[in-house]
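Asker: Below is the structure I would like to discuss, written out as structure tokens.
The values are calculated or read from the model by the stated rules, or taken from the named source; none is laboratory data. Remember, it's a predicted structure, so these values are computed and weren't measured experimentally. FYI the Cβ positions are ideal-geometry reconstructions off the backbone, even for glycines, and counts take in every protein chain you see. To get the accessible areas, we keep the full protein, side chains included, count just its heavy atoms, and leave off ligands, DNA and RNA. Shrake-Rupley method; radii C 1.70, N 1.55, O 1.52, S 1.80 Å.
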Amino acid sequence: MNEPARKIIWTYAEYLEQERASPTKHEFLNGEIFAMAGGTPEHARLCMSVGAELRAQLRGRPCAVYSADMRVRVQATGLSTYPDVSVVCGKLERDLEDRDAALNPSVLVEVLSDSSEAYDRGQKFAHYRHIPSLREYIVVSQHEPRIEVFHRNEDDSWTLREARAGQGAHLQAIGRTLSVDEVYRDPLTQVQ
């Protein structure tokens, strides 16, 4: 009789060793390593557009904007992942086990794709809500000019605000507004 395949459980140190040698990015959760799907040109352009708009608006302020190359670790749940854009205000706090992972983002951005939308809105956001410093979670549509901002309230509940073409997505945590029209201005990011 055949035995069922056993799931391989990795330590975080083993994950980091593999991640440093890998040309692709992976998430880590509960001892499992998950390959992250590659993005489309539209996804990459929207990520850069959001990051550029945030960087321009935060210039001269004590906040830094990071690309998807920066890993974020959710200590409370163990998730280690790469948000599309991260904003850290104040000093960057690094994980003791993983000096390349940030612990204290104020704002996280995910550009939605057909394959990741359910995860980004569901389980991933559930993990992100365990980051004490996180004040806003932003999801950006690839299919229409729409930016959704989930804002953490004083009572730890979350409020959704949505902005569409001609509107601005107000980011209360950093006192700035993302213009939907500016984020989607480039012809390559025009949704069809």
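Asker: Over segment 73-192, calculate the relative contact order: mean separation of alpha carbon pairs under 8 Å at least 6 apart, over the residue count, as a percent. Provide the component values of the computation, followed by the final result.
Answerer: Details: 202 pairs, mean separation 21.5, N = 120.
Result for segment 73-192 is 18 percent.
Asker: Another question about this same structure. Just to confirm the number: angle between the C-alpha axis of helix 41-58 and the first principal axis of the chain, 0 to 90 degrees, nearest 10?
Answerer: Tilt relative to the chain: about 60 degrees.
Asker: Can you sort Glu148, Glu93 by solvent-accessible area, 1.4 Å probe, largest first? Display every interim value, and only then the final one.
Answerer: Working: Glu148 10, Glu93 100 Å².
I get Glu93, Glu148, largest accessible area first.
Asker: With every protein chain present, what is the per residue accessible area of the chain (1.4 Å probe, Å²)?
Answerer: Numbers: 10560 Å² over 192 residues.
Here the residues of the chain average 55 Å² of exposed surface.
Asker: Then there's this: Please report, as a whole percent, how much of the solvent-accessible surface of segment 69-120 comes from carbon and sulfur atoms (probe radius 1.4 Å). Present the calculation step by step, with values, prior to reporting the outcome.
Answerer: Details: 930 of 2070 Å².
The value for segment 69-120 is 45 percent carbon and sulfur by accessible area.
Asker: Related question: Using only protein heavy atoms and a 1.4 Å probe, report how much of Ser67 is accessible, in Å² to the nearest 10.
Answerer: Roughly 60 Å² of Ser67 is accessible to a 1.4 Å probe.
Asker: Give the cysteines in the chain for which no other Cys Cβ lies under 4.7 Å away, or write none if there are none.
Answerer: Taking the Cβ cut-off of 4.7 Å, the unpaired cysteines of the chain are Cys47.
Asker: Ordering Trp10, Trp158 from largest to smallest accessible area (1.4 angstrom probe), what's the sequence?
Answerer: Values: Trp10 85, Trp158 60 Å².
Reading off the accessible areas and sorting them downward yields Trp10, Trp158.
Asker: Would you compute, from DSSP H runs of 4+ residues alone, the mean residue ellipticity of the chain at 222 nm, taking -39500 (n - 2.57) per run and dividing by the full residue count, rounded to the nearest 500?
Answerer: Numbers: 5 runs with 43 residues, N = 192.
Calculated from helices alone, the mean residue ellipticity at 222 nm is -6000 deg cm²/dmol.
Asker: Provide, for q = 0.18, 0.24 Å⁻¹, the log10 of I(q)/I(0) from a solvent-free Debye sum over equal Cα point scatterers in segment 18-107.
Answerer: Each listed q maps to, in turn, -0.87, -1.27.
Asker: For the chain, what ratio Rg/Rh do Cα atoms give with a Kirkwood hydrodynamic radius?
Answerer: Numbers: Rg = 17.2 Å, Rh = 17.4 Å.
Checking Rg against Rh, the ratio lands at 0.99.
Asker: Two-decimal Rg/Rh of segment 128-192 from alpha-carbon positions, Kirkwood Rh? Working shown, then result.
Answerer: Working: Rg = 12.8 Å, Rh = 12.5 Å.
My calculation puts Rg/Rh at 1.02.
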